[in-house]
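No lab work stands behind these numbers, since they all come straight from the coordinates. This one's a predicted model, so the numbers in the text were calculated from it and none came from an experiment.
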Amino acid sequence: MNDILQLKGTLQERVNDNKPGPRNVPNNAPAINSGQLKPLLRELQSLSKYWKEQNIIKGCLIDVCYTDVIAKSNRISGFFSGSGSVNSSVVGARFADEEKRKHLITHYVSDAVVENTIQKLQGCIKLLDEEFNGVITHDLIESLNNRLFSI
């Protein structure tokens, strides 16, 4: 028979005043350049075209490959955001490479979400190229977040 855990005393709750800070890439992450985003844009455009021609399902199945095992809270929340949370679009998860342990997450999203994502990515590439000479770093994003300068 299991023993029952009994707590004695009173539990006091307090409000958590800690709020997350502005978004940024990890401090040790390499710089992000528009040349890295352009192949992603072409892949998304190709996937969008492919799934529009298919009559199997309504919507798109898209695999996202991470370079490492990724926590649920660190997934691409801005990319496939639509009617619900990005985690609600996850329909599968597996390891792509057992040696390097790359996480492969499969998302099921609507055509409209993919088109919206393509537009966002085109805007990101344009912004990087026109305002940041095609490259942005953690420190530059930090400066923008702290309003040390504006674009």
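Brief remarks on what is shown
- Extension gain for Asn28-Asp63 works out to 10.0 nm (0.36 nm per residue, less the C-alpha to C-alpha distance).
- Length added when fully stretched, Thr10-Ser46, from 0.36 nm per residue minus Cα-Cα: 7.0 nm
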